[in-house]
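Visitor: One structure, as structure tokens, below. Some questions next.
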Amino acid sequence: MKKALFLLLALALIGCDDEDVVNTVSGNAEVFAVTGAEVGGAQGYTSIDSLENQYPITLPDEFPAGSEQTLDSRLGSLGIDIEGTDCGIIDTSGDVCFGAGSDTACVPDEVTKLGIKLYTIDIDEVKRAYDNGFYPKLAADLLGDTFSDFDIERVSCSSIGL
């Protein structure tokens with residue numbers, strides 16, 4: 001019980017949203033992957049599968065990305081139950097990188113926003129999801145300078161092409 005109280009206090013101090021607190025209390029966490037991107041000068045979001053073909057952009061191999069169908073299937077094949085889903089965007093006007101040290105994968109400068117799909121999963125499955133191409137939402141909040149600081153704005157999935 002003391003651990004849960006400490007975790008709630010820590011989450012409140014670092015500014016997590018209500019969704020994060022509810023998930024943590026219920027033993028869940030959110031992970032996400034990029035499904036599309038908005039490229040400077042273009043209208044709307046381009047799917048992650050088409051991005052490199054339509055623009056002179058190369059995404060790092062370690063980039064947490066995939067099509068919605070691929071991501072859903074990947075979690076299913078790992079046996080990770082999905083408690084819920086949501087969508088969001090990350091403004092990439094500042095440097096946005098995922099990972100740390102030599103495993104860092106940064107967003108190319110031409111990309112102005114990322115469209116992401118968020119998955120609510122059991123908190124015990126976060127490490128396995130991360131090892132298989134998903135990024136934990138709270139990593140930037142909890143790990144401080146190790147990860148770039150970026151905010152996720154929740155949006156309707158249709159607004160990012162899902």
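The values are calculated or read from the model by the stated rules, or taken from the named source; none is laboratory data. A quick note: this is a predicted structure, and the numbers were derived from the prediction, not measured. Quick reminder, even Gly has a Cβ in these numbers, built from the backbone with ideal geometry, and neighbours come from all protein chains shown. Heads up: the accessible areas ignore ligands, DNA and RNA and are worked out on the full protein's heavy atoms, side chains in. Shrake-Rupley method; radii C 1.70, N 1.55, O 1.52, S 1.80 Å.
Visitor: Between residue 105 and residue 81, what is 0.36 nm times their sequence separation minus the Cα-Cα distance? Round to one decimal in nm.
Guide: Separation in residues times 0.36 nm, less the Cα-Cα distance, equals 6.0 nm.
Visitor: Also: So for the pair residue 54, residue 69, with labels modelled 7 Å out along Cα→Cβ, what separation do we get in nm?
Guide: Label-label distance for residue 54 and residue 69, simple model: 1.7 nm.
Visitor: From the protein chains alone at 1.4 Å, what is the descending order of accessible area for 68, 83, largest first?
Guide: Ranked from most to least accessible, the order is 83, 68.
Visitor: Assuming 0.36 nm per residue, please report the length gained on full extension of the stretch residue 155 to residue 122 beyond their Cα-Cα distance.
Guide: Net length gain for the segment: 9.6 nm.
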